[in-house]
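What follows is a short report on a single structure.
The values are calculated or read from the model by the stated rules, or taken from the named source; none is laboratory data. Not measured: the values here are computed from a predicted model. Here the Cβ is made from the backbone with ideal geometry for all residues, glycine too, and neighbour counts use every protein chain on show. These area figures cover heavy atoms from the full protein model, side chains too; ligands, DNA and RNA do not enter into them. Shrake-Rupley method; radii C 1.70, N 1.55, O 1.52, S 1.80 Å.
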Amino acid sequence: MNAAILSSAPITLPALPYERNALQPVISENTLNFHYGKHHKTYVDTLNKLVVGTQFVDMPLEKIVRATAADAEHVAIFHNAAQAWNHAFYWRSLKPKGGGEPPAVLKALMDSSFGSVAACKKELAKAAVEQFGSGWAWLVQDGEKLKVIKTDNANTPMTQRLNPLLTVDVWEHAYYLDYQNKRVDYVDAVLDKLLNWEFAVKNLG
Ligand SMILES: [Fe+2]
């Protein structure tokens, strides 16, 4: 692809930080082919079409999300931009052979905010399972404290003065091919085997 073609699409689909089969058996290559290769890609492609001729055309993705979050006129741009951002964040929230014991700095924050690592994970799992319909469960930093929140559809804590540390996608497209309606099994497996605690530590403010 030449530079001229690239420059006409300012928001790019970021490369996955691992191979498409690297999250197996928790998340199959088939799911990543659809979820990353089609759903995430479509949000990016749609966004690039929608911003043509608008004030958002030369903005970085994060700025588009913030600029359109409370803007009734640009709901479609917000939805696609926020979903593009949330997905890029989700892929980095996971890693092959993840889960396990969090690094000391994160563990200390979990202990002071939730009582224990187990209590923090329990709250994150609860948010992920109880989010009604499509959405996201998040571990966020709010000043000195960690919190668990859930957002619906494309909504994202980065527009709510909260610092996101990790997310779990609970749209059906994230798990339906592998788990059908059993969201709880997907959530438990992701929390125990794929969460990238080092990414959360990198995001600490
Ligand atoms: Fe998704």
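List of remarks:
- Per the listing TYR18, TYR90, the residue uniquely closer than 23 Å to GLU198 by Cα, in contact with a Lys or Arg (Cβ under 9 Å, 6 or more places away or on another chain) and of a type in the set (Ser, Thr, Tyr) is TYR18.
- Residues (charged (D, E, K, R) and either open to solvent by less than 10 Å² (accessible area, probe 1.4 Å) or modelled with pLDDT of 95 or more (or both)) located in segment 132-167: ASP142, LYS145, LYS147, LYS150, ASP152
- The listed residue being open to solvent by 50 Å² or more (accessible area, probe 1.4 Å) and in a loop (DSSP other than H, G, I, E, B), out of ARG92, ARG66, ARG20: ARG20
- On the stretch given as segment 112-127, residues that are farther than 15 Å from VAL187 by Cβ, open to solvent by less than 60 Å² (accessible area, probe 1.4 Å) and in a helix (DSSP H, G or I) total 4.
- Of all the residues in segment 38-63, those that are over 15 Å from ALA15 (Cα atoms), aliphatic (A, V, I, L, M) and either in a helix (DSSP H, G or I) or within 16 Å of the ligand (Cβ to nearest atom) (or both) number 3.
- The residues of segment 173-184 that are free of Cβ contacts under 8 Å to residues at least 40 places away in the same chain and open to solvent by 50 Å² or more (accessible area, probe 1.4 Å), listed by number, are TYR176, GLN180, ASN181, LYS182.
- Pair list, Cβ under 7 Å, 6 or more apart: segment 26-40 residue closer than 20 Å to GLY98 by Cβ and hydrophobic (A, V, I, L, M, F, W, C), other residue in a helix (DSSP H, G or I) and more than 10 Å from the ligand (Cβ to nearest atom): VAL26/ALA189; VAL26/VAL190; VAL26/LYS193; ILE27/ASP178
- Put simply, of VAL170, VAL201, VAL187 the only residue that is farther than 20 Å from ALA69 by Cβ, open to solvent by 40 Å² or more (accessible area, probe 1.4 Å) and touching a residue at least 40 places away in the same chain (Cβ under 8 Å) is VAL201.
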